[in-house]
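Student: Please find one structure pasted underneath; my questions will follow.
Bear in mind that the values in this text are calculations on the coordinates, not laboratory data. Computed from a prediction, not measured in an experiment: that's the story for all the values here. Note that we place each Cβ from the backbone using ideal geometry, even for glycine, and neighbour counts take in every protein chain shown.
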Amino acid sequence: MQRLTMVRYATKPQATAENERLSRAVFDQIRAERPEGVAYGLFRDGDEFIHLFVNLADDSADLVTEMSSFHAYQSELASRCASTPEITRLSVQMIDSYGIGAD
């Protein structure tokens, strides 16, 4: 099975820039380490953030959640959030795709 995770939350207005900075550091580390079979996107609408993570090789998010930059991002996430993040985790089998993985 493969892993699909979506996390959606709003930050406190004074914490939005810091949250984006910490999130971008995760992407910098992912680009440097280039883990196989991983797709990860960050979307923002004002103070709301949506993270979309796909692991095409395994039902795990460890390739990202074990990174030092992710630990830094997550360390004070609760204090940056205006409410509890909504997390959707699915163990799925991808049937087809465009733009995810090798097309």
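Student: Sorted by average packing, counted as other Cβ atoms within 10 angstrom per residue and highest first, what order do 44-57, 79-92, 25-38 take? List each step's numbers first, then the result.
Tutor: On the way: 44-57: 15.8, 79-92: 11.9, 25-38: 13.6.
Going by the mean number of other Cβ atoms within 10 Å, highest first, we get 44-57, 25-38, 79-92.
Student: Oh, and also: Would you report the distance distribution of C-alpha pairs in the range 1-59 as whole percents per 5 angstrom bin, up to the bin with the largest distance?
Tutor: 4, 17, 25, 23, 16, 10, 4, 1
Student: Something else: Taking the Cα centre as origin and putting +1 on Lys and Arg beta-carbons and -1 on Asp and Glu beta-carbons, what dipole magnitude results for the chain, to the nearest 20 debye?
Tutor: It works out to roughly 240 debye.
Student: Taking only DSSP H segments of four or more residues, each worth -39500 (n - 2.57), what value at 222 nm results for the chain once the sum is divided by all its residues, to the nearest 500 deg cm²/dmol?
Tutor: Details: 4 runs with 34 residues, N = 103.
Mean residue ellipticity at 222 nm (helix-derived): -9000 deg cm²/dmol.
Student: Turning to a different aspect of this structure: For the chain, compute the orientation-averaged projected area of the C-alpha convex hull (one quarter of its surface), in nm².
Tutor: On the way: hull surface 25.8 nm².
One quarter of the hull surface, i.e. the mean projection, equals 6.5 nm².
Student: Now a separate question. Round to the nearest 10 and give me the degree value, 0 to 90, for the angle of helix 16-33's Cα axis relative to the longest principal axis of the chain.
Tutor: Helix 16-33 and the main axis of the chain meet at about 30 degrees.
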